[in-house]
Amino acid sequence: MIATGVIQRYRSLLPVPEGLEPVSLGEGGTPLVRLGRLERQAGLRIPLFAKVEGQNPTGSFKDRGMTVAVSLARHRGRRAVICASTGNTAASAAAYAARAGMAAFVLLPQGAVAPGKLAQALAYGATVVEIAGNFDRALQLVRAMSERFEMELVNSVNPARLEGQKTAAFEVCDQLGRAPAYLAIPVGNAGNITAYWQGFTQYRQAGRVEGVPVMLGFQAAGAAPLVRGEPVEQPETVATAIRIGRPASWEGALRARDESGGIIAAVSDAAILEAQRRLAGEEGIFCEPASAASLAGVLQLARDGYFRDASGPVVCVLTGHGLKDPDRAHAMARPDQVRRVGADEASVAAVLEGGAG
Ligand code: F0G
């Protein structure tokens with residue numbers, strides 16, 4: 001089967017003009033996986049699912065938005081795209097620009113981007129600029145540069161990005177056959193929670209589902225401006241993807257929270273890493289640290305009894321693939337997990353002894 005992307009699949013629900021040729025890599029259509037073991041361990045009486053967005057073409061949910069943003073930019077005759085990024089947006093913008101025959105310029109916070117993402121941006125041929133500042137500063141800079149040089153700004157401040165990303169909400173509803181009762185999601189620049197809420201409300205309005213979920217957004221404790229109610233000047237977290245102190249879609253996130261009767265809460269780095277480890281070890285799903293904030297948040301709420309009277313499924317959005325951040329993967333491993341032995345049967349057998357039962 002030839003891959004179809006989110007524009008082909010949901011065209012009637014997207015603001016794309018007739019005659020637009022999609023720039024697509026077959027994004028979307030990601031699996032919704034039941035997390036049965038974690039569900040039991042957490043004592044949840046409602047089904048727990050993961051929407052595995054790491055299975056998109058460049059390994060994150062950004063591809064859903066990028067196909068729409070880049071397709072529209074090319075349709076309007078733009079020759080280049082530009083973005084600020086903690087890594088995933090850069091990788092995605094670079095890939096879709098390459099596919100569109102356009103140039104890509106990405107501004108990254110120096111030393112704060114996971115190596116897999118940097119490698120992707122370079123591999124796809126983007127011009128990579130590291131600034132001596134954080135993501136929030138990079139976003140200010142690309143806003144100015146996009147005007148000065150007539151480049152398409154493909155951060156989530158571009159509404160086309162959110163339009164594409166909202167298709168994940170459509171898919172979750174299609175996969176469940178209903179809207180979930182709860183949707184848990186990591187929050188950084190707050191574009192994705194805004195997009196999901198847009199998607200769920202649109203799907204209800206279109207008569208495709210009856211309800212909408214309660215939105216549960218989670219920020220890393222050291223980068224939690226929405227929880228604190230004010231910007232964080234020096235955001236810090238192991239989850240570099242969401243190390244953001246001034247979310248651009250601040251209002252959108254609060255609207256999603258308030259209109260759905262949901263919450264935006266903080267989770268510690270330790271809880272994020274624990275959730276990441278359990279997803280990999282207990283369920284076979286390897287996501288990057290930022291992604292695990294959604295599960296960390298749900299486990300925290302479960303412990304607090306938040307879901308006591310709940311009915312209906314809870315879906316955790318796992319936003320990016322674990323291989324994006326190989327350093328973290330190595331750090332997660334116990335030192336004795338790799339066993340070095342001689343290249344003979346007896347040495348290998350000694351390690352395996354008793355391990356098969
Ligand atoms: N998870 C991952 C893996 C991300 O890369 C991001 C954002 C988020 C969650 C948060 O999404 O910003 O819409 O609230 N990454 C952006 C980037 C900032 O540059 O790649 P958000």
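Mean sequence separation of contacting Cα pairs (under 8 Å, at least six apart), scaled by the length of the stretch 26-167, corresponds to a relative contact order of 25 percent.
Please give the FRET efficiency for Thr127 paired with Arg76, using the beta carbon to beta carbon distance and R0 = 30 Å, rounded to the nearest 0.05.
0.90
Given bins 10 angstrom wide, list per bin the percent of all Cα-Cα distances in the stretch 29-136, short to long. Once binned at 10 Å, the Cα pair distances of the stretch 29-136 give 15, 37, 25, 15, 8, 0. When only the Cβ of Lys, Arg, Asp and Glu is charged (+1, +1, -1, -1), the dipole of the chain relative to its Cα centre reaches about 500 debye.
The spread of Cα positions in the stretch 158-258, taken along each principal axis and listed from longest to shortest, comes to 43, 26, 22 Å. Each Cα pair under 8 Å and six or more residues apart adds its separation to the average, and for the chain the resulting relative contact order is 18 percent. The value for the stretch 25-89 of Rg(Cα) / (2.2 N^0.38 Å) is 1.58.
Using a/c under 1.5 as the rounded threshold, could you call the stretch 204-336 rounded, prolate or oblate? The axes a ≥ b ≥ c are square roots of the C-alpha gyration tensor eigenvalues, and prolate needs a/b larger than b/c, oblate otherwise. Taking the square roots of the gyration eigenvalues as a ≥ b ≥ c, the stretch 204-336 is oblate.
For the chain, the Cα gyration tensor yields ellipsoid semi-axes of 31, 26, 21 Å (square root of five times each eigenvalue, largest first, whole Å).
If you keep only loop residues by DSSP, which chymotrypsin sites (Phe, Trp or Tyr not before Pro) in the stretch 134-236 have at most 16 other Cβ atoms within 10 Å of their Cβ?
Listed in order of number, the matching sites are Phe149.
For the stretch 119-218, the list of GluC sites (Glu not before Pro) that fall in a loop by DSSP and count at most 15 other C-beta atoms within 10 angstrom reads Glu150, Glu210.
Any read-out appearing in this document is the output of simple, stated calculations on the displayed coordinates, not a laboratory observation. Everything numeric here is computed off the predicted structure, so don't read it as measured data. Heads up, the Cβs are rebuilt from the backbone with ideal geometry, glycines too, and the neighbour counts pull from every protein chain shown.
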